[in-house]
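**Student:** One structure is given below, represented as structure tokens, and several questions about it will come after.
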Amino acid sequence: MIRLRAAGSWRGIPMMKSKVVKCPACQKPGEWFEGKYGPFCSHRCKLIDLGKWLGEENKISEPLRPDHFRGYENLPKGGHLDEAEPDES
């Protein structure tokens, strides 16, 4: 289910749609990307997921190979992604 919301922007990227997704840890549906812990519904679920990665319950099944990147060679540079976030204090 996609809900429309007032147009806004995040780092200059227009945002118009808010999508209801399931929390990866507890499967509770909500607009988690809008919140502080997105895609998780809470700090608790975020820590549960981190614990699964640290305990190797979740892991990447195989090393990345050059052919995994085929098709992405001509993407535009993402220099803006390396900029520090503004301090909100």
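The values are calculated or read from the model by the stated rules, or taken from the named source; none is laboratory data. In this text, all values refer to a predicted model and were calculated from it rather than measured experimentally. All Cβ positions, even for glycine, are placed from backbone atoms using ideal geometry, and neighbour counts span all protein chains on display.
**Student:** Can you confirm whether residue 31 is at pLDDT 85 or above, in contact with a helix residue (DSSP H, G or I) (Cβ under 9 Å, 6 or more places away or on another chain) and among the acidic types (Asp, Glu)?
**Tutor:** No.
**Student:** For region 41-57, state whether one or more residues are basic (Lys, Arg), assigned to a loop (DSSP other than H, G, I, E, B) and at pLDDT 85 or above.
**Tutor:** No; the residues of region 41-57 include none that is basic (Lys, Arg), assigned to a loop (DSSP other than H, G, I, E, B) and at pLDDT 85 or above.
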